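Have a look at the structure below before the remarks.
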Amino acid sequence: MRIVVTNDDGIRCPGLWVLYEAVAPLGEAIVVAPVEARSASGGVLTLEAPIRVYEMKIRGVSAYGITGSPRDVVHVAREVLGGLDMLVAGVNVGENTSIQNILVSGTVGAAAEAALFGIPAAAFSADVDDPLAFLDERYADFVTRVIRAVATYMASRKLPAGVDLININLPRVFRGSVKVVPPAKLRYIERLERRVDPRGRPYFWLYGEAAVPEQGTDSYTLFVEGGVSLTPLSLSLGVGATHLLRDLVVEVEKMIHNAKV
């Protein structure tokens, strides 16, 4: 089992290394990630510039930094580094709930690109504001348990028909629920604020106001219930049948509450 570990926050982000440590016991884990942060680049493939690949040593581990996007990672792994059997992306700094976020997320984009080639893939995101959150031992342990359960599930069986990848969101404080849920439609209501620069010329700043979470969705599970949301996604641009992953809920809950990882 050759597992590519990637992200969109950059190759040195602590969340990436929590992910690596979680899946390393399951096979040959190889880190391939953008050298710099490439957030909100979910649809980007590098077509107008060269992609450079740098072999480097980080935390004593051989890794590959690329100048391209998270989606480019899949092609570097396939064409340059000998292929892959599974891809895991994350752990993203900031959640990726809702269709709105899924469509732009570099984390989900990498997983989706792998899934296009029939490679089992999962995207992990956490509702934290700072990458240093992953340095907290208790939180890193919780995140590791969820990752290990999902990755073990994917390694031991095929994803159900109609499910191409799984989008996983983790709360900053876990309050005891793991649910398979569809994505909310909106996470933010986008606004444009008009401002004026020092030379008197107008410009506009795009920002978002949080939408009210829809009950029974990934946003509601994460923000209202403090739970882990598992969202099966289909590349047919539909949502995978949620009932097909009920057994994964059991595996994640076991791993979270198991004292040993």
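Each value in this text was obtained by applying a stated rule to the coordinates, not by laboratory testing. Computed from a predicted structure; not experimentally measured. Using ideal geometry, Cβ is built from the backbone for each residue, glycine included, and neighbour counts are taken over all protein chains shown.
Laid out as a table, the results:
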| item | result |
| --- | --- |
| Environment charge of residue 157, counting only residues whose C-beta is closer than 14 Å and scoring Lys/Arg +1, Asp/Glu -1 | -1 |
| Check: the chain dipole with +1 on Lys, Arg Cβ and -1 on Asp, Glu Cβ, in debye | 40 |
| Centroid-to-centroid separation of segment 199-216 and segment 135-174 [C-alpha atoms, Å] | 30 |
| Top positive-direction residue, dipole computed over segment 19-98 with Cβ charges, set 51, 77, 90 | 51 |
| Formal net charge of residues neighbouring residue 106 (Cβ-Cβ distance under 11 Å; K, R +1; D, E -1) | -2 |
| Cut-off 11 Å between beta-carbons: net charge of the residues surrounding residue 27, Lys and Arg +1, Asp and Glu -1 | -1 |
| Choice from 69, 39, 156 showing the highest fluctuation, given a GNM over the chain with Cα pairs closer than 10 Å | 156 |
| At q = 0.15, 0.16, 0.17 Å⁻¹, base-10 log of I(q)/I(0) for the chain (Debye sum, equal scatterers on each alpha carbon) | -1.03, -1.16, -1.31 |
| Count of Lys pairs (Cα-Cα under 28 Å; at least 8 positions apart or interchain) in the chain | 6 |
